[in-house]
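The values are calculated or read from the model by the stated rules, or taken from the named source; none is laboratory data. Just so it is clear, the structure is predicted and the values come from calculations on it, not from any experiment. Virtual Cβ from ideal backbone geometry, glycine too; neighbours counted across all protein chains shown. Surface areas here come from the heavy atoms of the whole protein model, side chains and all, with no ligands, DNA or RNA. Shrake-Rupley method; radii C 1.70, N 1.55, O 1.52, S 1.80 Å.
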Amino acid sequence: MENKSKITDKLSRPVKDLRISVTDRCNFRCTYCMPEQIYGHRYEFINKSSLLTFEEIITITEILVEMGVQKVRLTGGEPLLRYKIEDLISTLSKIPGIKELTLTTNGYLLPKKAEELKKSGIDRITVSLDSLNNEIFKKINGRNVDVSKVLKGIEAAEKAGFNPIKVNCVVEKGINENSILEMAEYFKAKGHILRFIEFMDVGTLNQWNLNKVVSSKEIVKIINSKMPIEPINPTYFGEVASRYQYKDGSGEIGIISSVTQPFCGNCTRLRLSPEGNLFTCLFSNTGTDVKKFLRSNKSKKELESLIKKTWLARKDKYSIDRSSNPDKSTKKVEMYHIGG
Ligand code: SAM
Ligand code: SF4
Ligand code: SF4
């Protein structure tokens, strides 16, 4: 296989991060991701035989680690719904070359699963929570789930030794921007790293429009008004969150400005969907079908070559292009499918 450092895409970006969506199912129905009106009881999710098996996921990951991937994130849908996810984690955690194995979850199942996740080899956990206000959070998650359920999940993760925890908060205008300060105060006191995410136009079903985005500038202003913060340097090339520290030295927050300050130039991410498509951008509409290859009698060499070709051909910069043409509407894969 070609030397790792030589595998760069058309915009000279190396492949460094792999996001694996292990299931398209979820126990929440967040309005910005899987709106209940569309993903009701009759919605047909991917059937089990069409999901990539753990062995298949591992084969793809090993090839990508050879190509330069150093960080792997398990996501979904809700990754903790995938049966025996711990078995996958345990094998992934033993692949030499993976420097960080992480997982993003809505937190609901963490009280049951946190300890096992730690034991099987997850290095860091990100929990999503959009408000501490029950009424607001229940409306957003679409399943009437209480804030306390997620806070219990975060507590369980703390107890299992995941510290600090990252907490993702998607901010949508008119929905939860009044929760920003309360969230910042709460997680500052807890010592966890809160990350505000601008509401994105992922997929086609979440009724996104630019007027619903609270910009990172506005978010910084709101926090600064009560708890002064200042920007700090990224910890590594390709880090998507802009980091800020509290001037009183009590921790940091992150802001992901994918809409107002796109970071495509540094984007080193590749995404593997539950049924085996590789997507080179969060806003892709088609992927490379690696399952077809895995389930045919093609050799591993041919699979390596397909994956390499996929990265070499990559020229995605959707968010940069969106800034110059904000109302552009294209066919795009949904977030719960491709993994956040
Ligand atoms: N179910 C898990 C969770 O919610 O943490 C993992 C999958 S979820 C798709 C991954 C992340 O994407 C979450 O933090 C979620 O808030 C974020 N997300 C989903 N839809 C989004 C959107 N339209 N804009 C911004 N972030 C979004
Ligand atoms: Fe489920 Fe996560 Fe999407 Fe919410 S954001 S619906 S928890 S996959
Ligand atoms: Fe990466 Fe695509 Fe997002 Fe740009 S729009 S940062 S290329 S995933």
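Brief remarks follow.
- Looking across segment 87-136, the residues that are farther than 26 Å from VAL69 by Cα and either within 16 Å of ligand 1 (Cβ to nearest atom) or modelled with pLDDT under 95 (or both) come down to GLY107, TYR108, LEU109, LEU110, PRO111, LYS112, LYS113, LEU129, ASP130, SER131, LEU132, ILE136.
- When segment 8-23 is filtered for residues that are farther than 20 Å from ILE122 by Cβ and either part of a strand (DSSP E or B) or modelled with pLDDT under 95 (or both), the ones remaining, listed by number, are THR8, PRO14.
- The strands (runs of 3 or more DSSP E) found wholly in segment 235-302 and carrying at least 2 residues that are within 16 Å of ligand 2 (Cβ to nearest atom) occupy 269-272.
- When residues of segment 194-205 are limited to those that are under 19 Å from SER131 (Cβ atoms) and within 16 Å of ligand 3 (Cβ to nearest atom), the one surrounded by the most Cβ atoms within 10 Å (Cβ to Cβ): ILE197
- Lone qualifier among LYS149, LYS138 - being within 26 Å of PRO35 (Cα to Cα) and in contact with a Pro (Cβ under 9 Å, 6 or more places away or on another chain): LYS149
- Residue within segment 96-107 that is of a type in the set (Ser, Thr, Tyr), within 16 Å of ligand 2 (Cβ to nearest atom), closer than 30 Å to ASN176 by Cα and touching a Gly at 6+ places or on another chain (Cβ under 9 Å) present: yes
- Test: ASN141 is open to solvent by less than 60 Å² (accessible area, probe 1.4 Å), within 16 Å of ligand 3 (Cβ to nearest atom), of a type outside the set (A, V, I, L, M, F, W, C) and within 20 Å of PRO79 (Cα to Cα): no
- Some residue of segment 38-61 being under 17 Å from LEU282 (Cα atoms) and among the polar types (S, T, N, Q): no
- Output for segment 92-135, where each listed residue is in a helix (DSSP H, G or I), crowded, with 20+ Cβ neighbours inside 10 Å and not charged (D, E, K, R): LEU92, LEU110, ALA114, LEU117
- Residue within segment 207-216 that is open to solvent by 30 Å² or more (accessible area, probe 1.4 Å) and either more than 30 Å from GLY40 (Cβ to Cβ) or among the β-branched types (Val, Ile, Thr) (or both) present: no
- Assessment of segment 64-78 against the conditions (of a type outside the set (Lys, Arg), more than 14 Å from ligand 1 (Cβ to nearest atom), open to solvent by 50 Å² or more (accessible area, probe 1.4 Å) and touching a strand residue (DSSP E or B) at 6+ places or on another chain (Cβ under 8 Å)) yields at least one matching residue.
- Test: residue in segment 220-229 that is part of a strand (DSSP E or B) and open to solvent by 30 Å² or more (accessible area, probe 1.4 Å): no
- Residue list for segment 287-322, filter: closer than 16 Å to ARG271 by Cα, free of Cβ contacts under 8 Å to residues at least 24 places away in the same chain and out of contact with any strand residue (DSSP E or B) (no Cβ under 6 Å at 6 or more places or on another chain): LEU306, LYS309
- Restricting attention to segment 6-36, the residues being within 16 Å of ligand 1 (Cβ to nearest atom) and open to solvent by 40 Å² or more (accessible area, probe 1.4 Å) number 4.
- Residue in segment 222-233 that is within 16 Å of ligand 3 (Cβ to nearest atom) and either small (Gly, Ala, Ser) or free of Cβ contacts under 8 Å to residues at least 12 places away in the same chain (or both) present: no
- Scanning segment 144-158 for residues that are over 18 Å from GLY77 (Cα atoms) and in contact with a strand residue (DSSP E or B) (Cβ under 8 Å, 6 or more places away or on another chain) returns ILE154, ALA157.
- Selection of segment 301-340 for residues being at pLDDT 90 or above and open to solvent by less than 30 Å² (accessible area, probe 1.4 Å) yields LEU303, ILE307, THR310, TRP311, ARG314.
- Among the residues of segment 230-265, the one identified as among the hydrophobic types (A, V, I, L, M, F, W, C), touching a helix residue (DSSP H, G or I) at 6+ places or on another chain (Cβ under 7 Å) and surrounded by fewer than 16 Cβ atoms within 10 Å (Cβ to Cβ) is PHE237.
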